[in-house]
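Peer 1: Can you keep this structure in mind? I'll have questions shortly.
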Amino acid sequence: MNGPEIRVEFAPELLVFVPRARTTGATTSPADGVSSLGHVVESLGVPLTEVGALLVDGREVPFSHLPAAGESVAVRPVAHPQRVPGAPLRFLLDVHLGTLARRLRLLGVDTAYESTDIGDPALAARSAAEKRVMLSRDRGLLRRRELWAGAFVYSTGPDEQLPYVLDRFRPELRPWTRCTACNGLLRAATKDEVADQLKSGTHRSYDVFAQCADCGRAYWRGAHHDQLEAIVERALSRVAQEN
């Protein structure tokens, strides 16, 4: 030991962030008397968006706690479902989560998405200005203090990402009410209103349409509807089981 240290134990879910702790579930960190416990945990690799509670020798302490030499710290994960107070639950996704964004919109969840890389400062500022939960796999972005709220998306596959977000936040689902392209609300539309977007075969074969009130995009039960219906049904079934 080169100086005073604390022992930091991580819940299994959080070990993905702390490679050096994966063997034993714990590691040590210097206790300098200046750095808060929140800062220490982040310096070890865990975004505070993923921390539900910090326990020092069995008692819960705030992130601002100044750890003392010899203390034993337990880092617990966020409890599910996670409640985000102070605003309607809505999301902001970064450029790497386009498929997840479209699927959340398909389920009627208010989901903003940046299809180009506008940079971490701009994303964090938008999260704060619009009071949106930032979903990302970028740990650096999730450490930005100006975020309204945030969450790390653990999987790289959309089939695992969507259930995780639904389990963690339990958003209200209103399928088929949002534009998957721009997040605008859909309204019923006549065939004449969307005729300029229809090919001749579609014009002959379909009579029920919806249109985005913001971007004007037309929707109907086309060739991919069964695939989308399956996504919706799985999500609704999952929510029903949890309730």
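Peer 1: Restricting the calculation to Cα positions, tell me the Rg (one decimal) and the Dmax (whole number) of the chain in Å.
Peer 2: 22.2, 78
Peer 1: If you don't mind, another one. Rounded, prolate or oblate, given the Cα gyration tensor of the range 2-80, with a/c below 1.5 counting as rounded? Please list the in-between numbers first.
Peer 2: Numbers: a/c = 1.63, a/b = 1.23, b/c = 1.32.
Judged from the Cα gyration tensor, the range 2-80 comes out oblate (a/c at least 1.5, b/c at or above a/b).
Peer 1: Follow-up question, since we're still on this one. What residue among G86, V8, Q241 has its Cα farthest toward the positive end of the dipole of the chain, where the charges are +1 on Lys, Arg and -1 on Asp, Glu, each on the Cβ?
Peer 2: Towards the positive end, the residue furthest out is Q241.
Peer 1: Then there is this: Heavy-atom accessible area per residue, the chain, 1.4 Å probe: how many Å²? Before the final figure, lay out each step's value.
Peer 2: Numbers: 12650 Å² over 243 residues.
Counting only protein heavy atoms, the per-residue value for the chain is 52 Å².
Peer 1: Using the Karplus curve 6.51 cos²θ - 1.76 cosθ + 1.60 with θ = phi - 60°, what ³J(HN,Hα) values do you get for each residue of the range 116-133, in whole Hz, with x for Gly and Pro?
Peer 2: These are the phi-based 3J(HN,Hα) values: 10, 7, 8, x, 4, x, 5, 5, 4, 5, 5, 4, 5, 5, 9, 6, 10, 6 Hz.
Peer 1: Helix-derived [θ] at 222 nm for the chain: sum -39500 (n - 2.57) over DSSP H runs of at least 4, divide by residue count, nearest 500? Kindly include the intermediate steps, with their values, before the conclusion.
Peer 2: Details: 7 runs with 67 residues, N = 243.
Helix-only estimate at 222 nm: -8000 deg cm²/dmol.
Peer 1: Would you work out if the range 83-208 is rounded, prolate or oblate? Take a ≥ b ≥ c from the square roots of the eigenvalues of the alpha-carbon gyration tensor; rounded if a/c is under 1.5, else prolate when a/b is larger than b/c, oblate otherwise.
Peer 2: On the way: a/c = 2.19, a/b = 2.11, b/c = 1.04.
Prolate, because a/c is 1.5 or more and a/b exceeds b/c.
Peer 1: How much of the DSSP beta bridge set in the chain is antiparallel, as a percent to the nearest 5?
Peer 2: Details: 20 of 34 bridges.
Just about 60 percent of them are antiparallel.
Peer 1: Between the range 170-238 and the range 43-92, what's the alpha-carbon centroid distance in Å?
Peer 2: So the two Cα centres are separated by 40 Å.
Peer 1: Another question, then. D159: net charge of surrounding residues, Cβ under 11 Å, Lys/Arg +1, Asp/Glu -1, itself excluded? All intermediate terms of the calculation are to be shown ahead of the outcome.
Peer 2: Details: positive: R103, R234; negative: E160.
So the environment of D159 carries a net charge of +1.
Peer 1: Next question. Roughly what % of DSSP beta bridges within the range 102-243 run antiparallel, to the nearest 5? Intermediate results must be reported in sequence, preceding the final value.
Peer 2: Details: 7 of 11 bridges.
Around 65 percent of the beta bridges assigned by DSSP in the range 102-243 are antiparallel ones.
Peer 1: Figure the gain on full extension for D159 and A129 (residue separation times 0.36 nm, minus the Cα-Cα span) and round it to one decimal in nm. Present the calculation step by step, with values, prior to reporting the outcome.
Peer 2: Working: separation 30, 0.36 × 30 = 10.80 nm, distance 2.99 nm.
Full extension from D159 to A129 adds 7.8 nm.
Peer 1: Here is a follow-up. Let a ≥ b ≥ c be the square roots of the eigenvalues of the Cα gyration tensor of the range 142-243; is it rounded (a/c under 1.5), or, if not, prolate (a/b larger than b/c) or oblate? All intermediate terms of the calculation are to be shown ahead of the outcome.
Peer 2: On the way: a/c = 2.62, a/b = 1.82, b/c = 1.44.
Because a/c hits 1.5 or more and a/b exceeds b/c, the range 142-243 counts as prolate.
Peer 1: What's the FRET efficiency of C215 with R143 using the Cβ-Cβ distance as r and R₀ = 41 Å, to the nearest 0.05? Walk me through the numbers on the way to the answer.
Peer 2: Details: r = 34 Å, r/R0 = 0.82.
Efficiency computed from Cβ-Cβ geometry: 0.75.
Peer 1: Whenever you get a sec, compute what percent of the accessible area on the chain sits on carbon and sulfur atoms (1.4 Å probe). Don't skip to the answer; put the middle values down first.
Peer 2: On the way: 6330 of 12650 Å².
C and S atoms contribute 50 percent here.
Peer 1: What does the charge count around L228 come to, taking other residues whose C-beta lies under 15 Å from its C-beta (Lys +1, Arg +1, Asp -1, Glu -1)? Working shown, then result.
Peer 2: On the way: positive: R102, R103, R105, R174, R178, R217, R221, R234; negative: D159, D226, E229, E233.
Net charge in that neighbourhood comes out at +4.
The values are calculated or read from the model by the stated rules, or taken from the named source; none is laboratory data. Small disclaimer: the values here were computed from a predicted structure and weren't measured. Positions of Cβ are generated from backbone atoms using ideal geometry, with glycine treated the same way; all protein chains shown enter the neighbour counts. The area values use the complete protein model at the heavy-atom level, side chains included, leaving out ligands, DNA and RNA. Shrake-Rupley method; radii C 1.70, N 1.55, O 1.52, S 1.80 Å.
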